[in-house]
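Take a look at the structure below.
Since every read-out is calculated from the coordinates, none of them should be taken as a lab result. Note that the coordinates shown come from a computational prediction; the quantities given were computed from them, not determined experimentally. Cβ coordinates were reconstructed from backbone atoms using ideal geometry, including for glycine residues, and neighbour counts include every protein chain displayed.
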Number of protein chains: 2
Amino acid sequence: MTPEQILAGIVQGTSAAQRRAMAKAITLLESTRADHRTQADALLTALLPHTGRSLRLGISGVPGVGKSTFIEALGLHLIAQGHRVAVLAIDPSSSVSGGSILGDKTRMEHLSVHESAYIRPSPSSGTLGGVAEKTREAMLVCEAAGYDVVIVETVGVGQSETAVHGMTDMFCLLQLPNAGDDLQAIKKGVMELADLVVINKADIDPDAATRARAQITSSLRLLGMHGNPEHGSAFWQPQVIQMSALHGQGVDSFWAAVSQYRDLQTANGRLGVRRQQQARAWMWERIDAGLKQRFREHPKVREALESTGRAVIEGRLPASTAARQLLELFD
Amino acid sequence: MTPEQILAGIVQGTSAAQRRAMAKAITLLESTRADHRTQADALLTALLPHTGRSLRLGISGVPGVGKSTFIEALGLHLIAQGHRVAVLAIDPSSSVSGGSILGDKTRMEHLSVHESAYIRPSPSSGTLGGVAEKTREAMLVCEAAGYDVVIVETVGVGQSETAVHGMTDMFCLLQLPNAGDDLQAIKKGVMELADLVVINKADIDPDAATRARAQITSSLRLLGMHGNPEHGSAFWQPQVIQMSALHGQGVDSFWAAVSQYRDLQTANGRLGVRRQQQARAWMWERIDAGLKQRFREHPKVREALESTGRAVIEGRLPASTAARQLLELFD
């Protein structure tokens, strides 16, 4: 398949041709070969005019919070309303294990076989930045193929929440009704990112869920006082919703809150601003990663790095002097 | 003064000669001239064997928490015990205002005139990284001059707490007995950095201070469960101390806790490990900053950056493709 055929397949192919073209495109994007990368960049640029029309929804939560069940319930609910739903994932552990658990089709048995759904597991190798880049690019492919809701999920450990927040229009945090669970989220700076907090498995202990809801609401109000400028009371006060995804309870009120936020974002122009800031930040994130990689791979730097680093650690060379010396070798 | 004379003055000068040499050294470190920087690096490297023997104490807290009063009370207490105390500062606002408020001698009227104290305000220009670098280097000068307690203070806004945590042996957070104050600290990730929390101005509302102490202690315990590996219960449970620096109450128990932590750090070898990690992280922080600066100043990059950035923001070019294109120009 040529890049032109892939492009045509994604944008105007029949259902089966589209899936084949999407698979080809994503394989191309994930390839490490330089010529593939050149083709992938050309393809992405050509896809770009067909992208941007989906609602990009980020979902995070610790293992056990019920993300798969939640996404399956939400996805089926949306498909019943006529939406087409793509599910992508960023698994921060995949770069270590070489295998990915998130987005695994077996976890969403009904959604994964539906013709209006597209599920892609996390890219399984590379740095978090590299994994996030491939997911971000796969999102563009899904949008060009007409998926109008793109869900990007991640697990609530590590820095991957920031990456997902940086590529979605709305970031949703799934919590268990546990004491201390919210404190962990505040500490990691994830609560601050949340546009919406869902207390899942609320049916197991309704009293705990109600207490958790009150506590998180109060925390969000206090954080908002000096916090996320997108969450000034004039614009949006992050909502806290109780749910039992397993029993399908709360999915409709969740989607109502998402839609309300989306209408606000569109009406006041913050959607465009958020996406522009994300694109800019993403460009710089990739530039930083590229600069650092080149630096480490530079022959003279590579030769000196170990001994210089040892001199710093052993207290024979000031750290800032060492940095200047290594930078001089990099030309 | 030649660098050799400065070195000799710092390490073995009389009191007056030492102050002159320290001032010269710090002026050299803060100079932007390339030849001064070369001399400064040589001087730092020569000073290094005389450094590292102080207790490096980081102090952070929002404006109004009473940092100056606290440091004045602590400094005089330590000098009475025979210590020599240096006070340095990192003011994240100084790069904007061009003037520095922190470390201002007029704020510590008794300490600043004492012959066993050395007070240096925050460097007043440059990026936070640049300001932090100069403070870190000034700390080495103070240590070589025999100051055995170096206090680095910063104001609890912005990212400067991380910088101070990254150059001290113990990081202390000053809090007011206010509801929500601790939540702000948790949110910003500062509470997690704290080895010790001081509730200052406890005399104004003793009940509020007692409530704050209970709440912060419980938060620290919950954070510690998944938090800072240096704070495993096996090693150190961060302490919360009530104080009224204005009335000199609590200074002795504060110092007792600091000393206890220091003894532990020394006994189990974590002091050396922490300093090695700090030196390594600092080297990489400076390399990153240097790479980014070079990239922005590269003629071809500078020429293309604006139009490429605009294409990204306007949705004509994928962010990752733009990053690759700009990196190709940087050779």
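Backbone geometry of region A:237-245 corresponds, through the Karplus equation with coefficients 6.51, -1.76 and 1.60 at θ = phi - 60°, to 3J(HN,Hα) couplings of 9, x, 9, 10, 10, 8, 8, 10, 4 Hz, x marking Gly and Pro. The stretch between residue A:110 and residue A:260 holds 51.3 nm of extra length on full extension. This uses 0.36 nm per residue minus the Cα-Cα distance.
How big is the dipole moment of region A:1-50 about its Cα centre under a simple scheme where the beta carbon of each Lys and Arg is +1, that of each Asp and Glu is -1, and everything else is neutral? Debye, nearest 20, please. Could you put the intermediate results ahead of the total?
On the way: 5 positive and 4 negative charges, 34 e Å.
Taking the Cα centre of region A:1-50 as origin, the dipole is about 160 debye.
This model, with +1 at the C-beta of Lys and Arg and -1 at the C-beta of Asp and Glu, gives region A:32-179 a dipole about its Cα centre of some 60 debye. Taking every alpha-carbon pair in region A:283-330 and binning the separations at 10 Å intervals from zero gives 27, 47, 24, 3 percent. In chain A, the calculated helix contribution to ellipticity at 222 nm averages -17500 deg cm²/dmol per residue, counting -39,500 (n - 2.57) for every DSSP H run with n ≥ 4.
Our Cα-only numbers for region A:1-154 put the radius of gyration and Dmax at 14.9, 43 Å. For chain B, the relative contact order works out to 16 percent when only alpha carbon pairs closer than 8 Å and six or more residues apart are counted.
Past 30 Å, Cα to Cα, is the threshold; run A:134/B:292; A:292/B:134; A:67/A:292 against it and keep the listed order. Show your work: numbers first, answer last.
Working: A:134/B:292 23 Å; A:292/B:134 24 Å; A:67/A:292 34 Å.
Cα-Cα > 30 Å for A:67/A:292; rest within.
For residue A:207, inter-copy separations between label points set 7 Å beyond Cα along the Cβ vector come to 2.8 nm, shortest first.
For residue A:59, the amide hydrogen comes within under 5 Å of the amide hydrogens of A:152, A:153, A:154, A:172, counting only partners 5 or more places away or on other chains and with H modelled in the peptide plane. For residue B:87, the amide hydrogen comes within under 5 Å of the amide hydrogens of B:118, B:119, B:120, B:151, counting only partners 5 or more places away or on other chains and with H modelled in the peptide plane.
Charges on Cβ only, +1 for Lys and Arg, -1 for Asp and Glu, centred on the Cα centroid of region B:51-268; of B:257, B:191, B:246, which one is farthest towards the dipole's positive end? In region B:51-268, that residue is B:191.
A dipole drawn for chain A from +1 and -1 charges on Cβ atoms has a positive end, and of A:80, A:218, A:166 the residue lying farthest that way is A:166.
Per Stokes-Einstein, at 37 °C and 0.692 mPa s, what whole-number D in µm² s⁻¹ belongs to chain B, with the Kirkwood radius over Cα pairs as the hydrodynamic radius? It diffuses with D of about 153 µm²/s by this estimate. For residue B:127, the distances from its label point to the matching points in the remaining copies are 1.6 nm, ordered from shortest, with each point set 7 Å beyond Cα toward Cβ. Both radii are taken from the alpha-carbon atoms of the protein assembly as shown; with Rh as the Kirkwood radius, Rg/Rh is 1.00.
Relative contact order for region B:1-50: what is it in percent, counting Cα pairs under 8 Å that are at least 6 residues apart?
Values: 35 pairs, mean separation 16.9, N = 50.
It rounds to 34 percent for region B:1-50.
The distance between label points at residue B:38 and residue B:294 comes to 1.8 nm (points 7 Å beyond Cα on the Cα→Cβ vector).
Order the peptides A:294-304, A:278-288 from the highest to the lowest mean number of other Cβ atoms within 10 Å of their residues. Kindly include the intermediate steps, with their values, before the conclusion.
Values: A:294-304: 13.8, A:278-288: 19.7.
In decreasing order of mean packing, A:294-304, A:278-288 become A:278-288, A:294-304.
The dipole here belongs to the protein assembly as shown: it is taken about the Cα centre, uses +1 on the Cβ of Lys and Arg and -1 on the Cβ of Asp and Glu, and is about 880 debye.
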